[in-house]
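The block underneath contains the structure these notes are about, expressed in C-alpha cells.
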Amino acid sequence: MTITLGSASMGSDPEKQERHASVSKTSVSSGLEAEVEVRDVKPTLKRQMKDRHIAMISIGGVIGTGIFLGTATALQKGGPVGMLLGYLTIGSLCYTVMVSLGEMAAFLPIPGGHLTYAERFVDPAWSFAMGWLYCYNWTVILPAEISAASVVINYWNKTINDAAWITICLVVVIVINALGAGAYGEAEFIFCSIKVVTIVGLIILGIILDLGGGPNHDRIGFRYWKHPGPFVQYDRIEGAKGRFLGWSAVMAQAAFSFIGTEVVAIAGAEVRNPRRNIPKAIKRVYIRILLFYIGGVTIIGLLVPSSDKRLNIADGTAAASPFVIAISNAGIKVLPSIINAAILTSAWSAANSDLYSSSRALYGLALNGNAPSIFLKVTRHGLPWVSMLACASVGLLAYMGLQGGSGRVFSWFANMTAVAGLTSWFGIGVTYIRFHRGLKAQGIDRKTLPYHSPLQPFAGWYATIGCFIVILFSGWYVFLKGNWATDTFVTNYLPMALFPVLYVGAKLYYRTPLTPYEEMDFKTGLQEVLDASYDEPPPKNWAMRVWSWLCATIGRRISIDRDDYSGASKSGVHSGRLLSPTILNNMSELTLASKPQVLVLDGGLGTTLEDLFHKDISHALWSAKPIDEDPEVIIAAHLAFLRAGANVILTATYQCAYNTFERAGYSREEAERIMLKAVELATEARRRFLDETQQEQQHGETTTSPPPPPSDVKIALSLGPFGATLYPAQEFDGIYPPPYGPDLTNAESKTNAFDDTPEGRAQEQAAIDALTEFHYERLCIFAGNQAAWDAIDFIAFETVPLRREIYAIRRAMSRLEERNVGVPDASKLQMKPWWISNDYPDGRFPEVKQGEDHLTAAEVTKAVLYEDVGAAVWGIGINCTGLDFLPELVKEASEAAKKYLERHGRRPWLVLYPNRGDVYIPETQSWCKMGKEGSSWAKDLYAVVEEGLRSGAWEGCIAGGCCKTGPEEIAGLAKELDAWL
C-alpha cells in the first residue's frame, strides 16, 4: 500500500472509481493543498520506463512494416508523387493530433491516457466508444505485424510452413511483454535503435543510389517521376480525377504507417519523470514524420517505378519491400538480406508495441469500469497480466494467412487498423477541443502547462475534420464499377460503423450529459504526477553525455541540472508562507508544486514552555500536562512560533498515549478528551494568528506582505515513539520492555536488539506486532474524531529510535488506509501526508546490530523508504539531534534517497528539526547548555537545508527546531530562508 499526494483515479465518476479499490481519491489540507491518493494492497501500474526508453519509443516505437513493407501498396496505387502527398497529408494530421494529445498527456500522464481524458472532458460514453475502438485497433494490428513478419521471412525460405514463423514471433513478443514495462522499454530501446539506424541508413543509401553511386552506376534522378509518371491513374481513369483517386487511395495505407504515435500517452502512467519526458517525446514527433516517413517515401518514389510487379505484397514475397527492390535493382548482393533482417526486427518491434498498447488500453477500460474487472488484475511488479494474455490471444488470427496468404491477411488487418486508428484520432481531436474550452472556462492559462502548442485550437479542429474526411472516403474505391470487394468494404467501414454504435449504446446506458466546461476535472491525479517529476541527474559517463546531447539536439532539453541549484533556488524553492492559498484553483501557481519547497516548522514546545513561559513540566505527561491545566499557555507557545515565522506547528501530543495518561491517573475517556483538545488548541492558535495579522494589515501596523491564508498555516499531529510514553523516557536509548523489546531480566548488559536466532527473530516479529497495535490504537483516537482529523494537515511520527518501530508505524498507517477499502467516497477517511523522523542523540542511531554496531543513516533511510513492510511515507526526518551531526547524516540519507528516486521515480520530503545542542541529563531532568543559539544556530541549519536540496534527492524540506530551540531560533531560520529565496 502507498500513500502519495495526488490521485491516479481514472475518472471523475465515484461509482467507477469504486470498482477499482486500489485507487481512490480524498481531499486533504496538506502543505500543497492537494488531493491524496490512497492505494490499497492491490498493485497497480508502475513507472518503470526511463528517459531513454520513452525518447526512443517516441522517435521509432512504431516504425514498422507500414513504412518498410506497406509503402509498396502505396507506391503501386498512387505513384511517387501521389504517395508523397498522401503521406504529407496524413503526416500533418498525425502532427496536429500529437500536439493536441501532447498538451493533455504532459499535463496528466495517468493510466488510460486519452481514454481517461475522453471521460473527463467529454463524457463516459465517449470514453467507452473510444476505448473499445482503440483496444480493437491495437489488438487487430498485432496479427497484421505478425503476418508481415512471416512475409519478410519468406524472402529467405518458402519451404517451411508460415505457422512456424508466426509461432516464434508470437512467443517472443509475449515473453517480452510478460517481463513488464521495464523490459518492454529496454527491448524497444534496442529495437528502435536498430530501426532508426536502418531507416537513416536506407535514406542515405537511397540518395547515393539515386545519384549513381551504386555498383551499376545508374544515375536514376527523377526518372520514375517521368515514366511511368508522378501519379498512377487509378483504375485507368484518365485525367485529374484518376490522379486524385490514386492519391486518395494512399491515405489508408499511409494512416496505417502513422498510427501508433499515441503510445507516448498510453505509456504516460509508466514513465518516470513524466512532466519532463513526455513533452520532450511529443516534440520529437516531427523528426519521425519528416525524416523517417516523408524522407523515406521520397527516396522510395525516386528508386522504384510504380509499375514494378514486385510491389504486389499479396503474393507473399518479401521482395515487395521497396527498399529491398531498390537495392536489388542496384546490383548490391548481400545488403538485401541484411536490410530484410532489419525489417523483420521492425515487424517484431511493432508487434511488441502493439501488445503493450492493447493490454494497457484494455486495462484502462477496466479501470474506468468499461470492461470486466478481471482485466484489472496486476502482478506485484505492475504487469496487467490478464489484459496482456487476452490481447495476445488475438494474435492467433495471424494463422489465417496459412490459407489466404500472409500478404493478403496483412492488407486486411492494415485497413482495419488504419480506419480504427483514424477514428481514435478523431476522438482525440474532439476531446482536445473540449479540453481547450474547459481550460478557458476555468481561467487556466495554457502557457503554464508543461507543454503547449501555438497552433491551438486550430490544430485540434484540423485533426478532427481531416480525420473524419479521410475515414469517410477510406474505402470509396469499392463503389467504382466492377471493383466491389466484400473483404475491403468490411475491413474499411466496420470500424467506422462501430464507433457511433458504441457511443449511442453507451450514451443510452450511462445516460450522462456532456461534462460542463466549468466542472471538468483538472485536479485528480495531478499531484501524483508532480511527485513523480524531478530534475534529471547529470550524465555519469561519456556514453550518457552523448545520449543527453542527442536528446537536447532533437528535442530541446528542458530540465534544470540537479547539481546547478543556483537558479532554481531563486524561483523554484518557496517558503510555506509564500505558497498560494488557491494553489489547486490557479494553474499558473500549481506548477510550483513540481519544484522543491521549504516550510518552516516550529521549535521545541516543551522546552519553550519551560524557558519562555516558566512552566514546570517535569511530569509523566511533559508538554501535554498544561493541555488541561493551562490551555492558554499552549496557545501562547504556538502563537510565539507562528509570529516568529513558522508555517507548521506541532500539537502538544508528543508523549500522549493511553498508558501515559493511565500512569498519571487519568481514565481512557479523559485521555482521549485531552489528546483531542491538543488539536483544538493548535487550531485556536492558528485562528488567532490569522485574525491578528489581518487586523494589523487593516490598521496599517505592518508593512509586510498580506497575511497568510489558513491553507498556509499547517498543523502537524505530533506522535512520539513508544519510548516517549515510558517513564523515564526511552526514545534516546530504545530500551523497551517486553513484548516491545527484548527481555533484559537476566542480561549481562542492556541492549535494544534481539538475538539473531529463530527465537530472537520470532520475538522481534512479536515486538513489531505489539508496536503496530500501539501506534494504530493511538491513530484511531484522532481518525475517529471528524473535527480533529479535518484540522490536521500532517502526521509526524517523531524521535523513532528503532527500525522495528519504523516497520510498525508503516504497518499501522497501512491499517488506517485499509479502512477506506469498500467504503463509499463520501465516507472515506481523508489520508494525510506523514513523515517518520528519527533521532541520532550522539550522531548515531540508537538501535544496535549484532556486533554492537549501530544502524547507519543509510540503513535507517532504507527502512523508512524502501522495504515493502507497509505504507510508503511522504517524508523522512531527523529530529532531536545535535546540529553538528546533521550535515553528515543528511548527506548519507540523501544518497540513499537518490537510489529510491532511481527505483521508484519519486522524491520524498526531508524534515529536519535538530535540537540546539544542549545535553539532557536524565538523573536531574535538566539541560546542560552547550549548543549555539539564535542566528548562529539558524545559519548552520540553513546551510544544511540548502545542501540537502542541492542533492536533488528531496522534493522539498520542512525545517525547524527541537529541544531547547525557541521562537528566537525559528525567527532566525525564517530570516535566513527568506534571504535565500
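The values are calculated or read from the model by the stated rules, or taken from the named source; none is laboratory data. Here the structure is a predicted model, which means the values were calculated and not measured. Backbone-built Cβ (ideal geometry, glycine too); neighbour counts: all protein chains shown. For accessibility, only protein heavy atoms count, side chains too; no ligands or nucleic acids. Shrake-Rupley method; radii C 1.70, N 1.55, O 1.52, S 1.80 Å.
Couple of notes before you dig in:
- With a Förster radius of 41 Å applied to the beta-carbon distance between Asp630 and Ala979, the computed FRET efficiency rounds to 0.65.
- When you filter the trypsin sites (Lys or Arg not before Pro) in the range 471-518 for DSSP loop state and at most 13 other Cβ atoms inside 10 Å of their Cβ, you are left with Lys481, Arg511.
- When the surface is traced with a 1.4 Å probe over the full set of protein chains, Glu888 keeps roughly 120 Å² accessible.
- Backbone phi angles across the range 888-895, fed through the Karplus curve with coefficients 6.51, -1.76 and 1.60 (θ = phi - 60°), yield HN-Hα couplings of 5, 5, 5, 4, 5, 5, 5, 4 Hz in residue order; Gly and Pro are listed as x.
- Three-way shape call for the range 108-256 based on the alpha-carbon gyration tensor, with the a/c threshold at 1.5: oblate
- Near Ser837, the amide H atoms lying under 5 Å from its own belong to Phe797, Glu798, Thr799, Val800, Gly877; only residues 5 or more places off or on other chains count, and H is placed 1.01 Å from N.
- The tail of the calculated P(r) for the range 781-844 beyond 19 Å holds 42 percent of all Cα-Cα pairs.
- On the basis of the beta-carbon distance and an R0 of 25 Å, Arg668 and Thr745 show a calculated FRET efficiency of 0.30.
- FRET efficiency for the pair Gln786 and Thr167, taken as 1/(1 + (r/R0)^6) with r the Cβ-Cβ distance and R0 = 60 Å, rounds to 0.50.
- Mean Cβ count within 10 Å, highest first, over the residues of peptides 635-642, 142-149: 142-149, 635-642
- Pairs spanning more than 24 Å between alpha-carbon atoms, out of Lys77/Lys481; Lys828/Lys862; Lys523/Lys828; Lys523/Lys832; Lys523/Lys898; Lys309/Lys333: Lys828/Lys862; Lys523/Lys898.
- For the range 134-141, Karplus couplings with θ = phi - 60° (6.51, -1.76, 1.60), whole Hz, Gly/Pro x: 5, 5, 4, 4, 6, 6, 6, 5
- Amide H contacts for Lys714 (H built 1.01 Å from N in the peptide plane; partners 5 or more residues away or on another chain; cut-off under 5 Å): Val648, Ile649.
- A 1.4 Å probe run over the range 761-867, with the rest of the protein chains in place, finds 33 Å² accessible per residue.
- Taking label points 7 Å from Cα along the Cα-to-Cβ direction, Thr379 and Ala441 give a separation of 4.3 nm.
- Accessible area of Lys377 in the full protein assembly, 1.4 Å probe (Å², nearest 10): 100 Å²
- The range 122-225: trypsin sites (Lys or Arg not before Pro) in DSSP coil with no more than 16 other Cβ atoms inside 10 Å: Lys158, Arg219
- Other-chain or far-sequence residues with amide H under 5 Å of Val598's (modelled H): His574, Ser575, Gly576, Cys957
- Backbone geometry of the range 497-513 corresponds, through the Karplus equation with coefficients 6.51, -1.76 and 1.60 at θ = phi - 60°, to 3J(HN,Hα) couplings of 6, 5, 4, x, 5, 4, 5, 5, x, 5, 4, 5, 6, 6, 6, 10, x Hz, x marking Gly and Pro.
- Those chymotrypsin sites (Phe, Trp or Tyr not before Pro) in the range 186-248 that DSSP places in a loop and that have at most 13 other beta carbons within 10 Å: Phe222
- Estimated at the nearest 10 Å², the accessible area of Arg643 is 140 Å² with a 1.4 Å probe.
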